[in-house]
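Have a look at the structure below before the remarks.
The values are calculated or read from the model by the stated rules, or taken from the named source; none is laboratory data. Here the structure is a predicted model, which is why all the values come from computation and not from measurement. Methodologically, a virtual Cβ is constructed for each residue, glycine included, from the backbone with ideal geometry; neighbour enumeration extends over all protein chains shown.
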Amino acid sequence: MQKQVRKLTEMAIAGDLPEIHKWYQEHRDMTLTTIDFYEKILKPVMERVGILWERNKITVAEEHLATASIDYLMTQLRYQLLHPQFKRNAPSILLFCLEGEQHSLGLKMVSDVFRENKWNVKFLGSSVPTEEVIKTIDKWEPDAIGISLALTPLMPKLKECINLIYELEKDIDIFVGGRVVSLYNLEEFGINNVHLCNDLRDIESFALNGLNKSQPVTPEGKL
């Protein structure tokens, strides 16, 4: 597995999409679930790219190229997860990154986990203004909301966004993930009554078991 991680990392940094596509076609039948593929292949690749960038082994441009390459591969996988017919009563979830937060690859993985479990998913992407989030929630009325946050300075904006969501009084499950979740006790920032997810396994458990507001998930970790 480590060999495949190293090889895919090299191709991603080089931005070699033809080779990445070829690699995917050759390995698409690996005996891995979607979550296993993300946890054992793609997340380690992203971590290796981050380490190389932090150690100045690759340039900012190469880091961006690697991110775009992994995003391309995830798009190939996503076509296999789309269910053409959803039940009208299928649970729904809205996913987004706070305004100022640009890191969305992890949240895209989360969206794929929900899609694989036949949830209706709306993925708003990175750096979404809070007022637009509130408008979308008020209009779409999702059953759950997922927020990803990696930048510590955005913690006050996270608290503001959550408070505004609760003011809608729509009985919505909210869970938060990202780097800040692993670094801080969110209750110290006045952020509570939310689900905190450790990894994609926690996300899968939530997606499979449905909504359970009486027992929030609270391990530390990343979304």
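What about Glu26, is it modelled with pLDDT under 90 and acidic (Asp, Glu)?
Yes, satisfied.
For the range 98-107, what are the residues that are buried (at least 19 other Cβ atoms within 10 Å of the Cβ) and either touching a Cys at 6+ places or on another chain (Cβ under 8 Å) or at pLDDT 90 or above (or both)?
Selection gives Leu98, Glu101, Ser104, Leu107.
If a residue has to be part of a helix (DSSP H, G or I) and either surrounded by 13 or more Cβ atoms within 10 Å (Cβ to Cβ) or in contact (Cβ under 8 Å) with a residue 24 or more places away in the chain (or both) to count, how many in the range 10-35 make the cut?
14
Anything in the range 122-157 that is touching a residue at least 40 places away in the same chain (Cβ under 8 Å), assigned to a helix (DSSP H, G or I) and touching an Asp or Glu at 6+ places or on another chain (Cβ under 9 Å)? List them, or say none.
Hits for the range 122-157 are Leu154, Lys157.
Residue-by-condition table, conditions (1) farther than 21 Å from Arg179 by Cβ; (2) crowded, with 23+ Cβ neighbours inside 10 Å; (3) within 12 Å of the chain's Cα centre (by Cα):
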{"site": "Ser92", "(1), (2), (3)": "yes, no, no"}
{"site": "Phe96", "(1), (2), (3)": "no, yes, yes"}
{"site": "Val110", "(1), (2), (3)": "no, yes, yes"}
{"site": "Thr130", "(1), (2), (3)": "no, no, no"}
{"site": "Ile134", "(1), (2), (3)": "yes, no, no"}
{"site": "Ile147", "(1), (2), (3)": "no, yes, yes"}
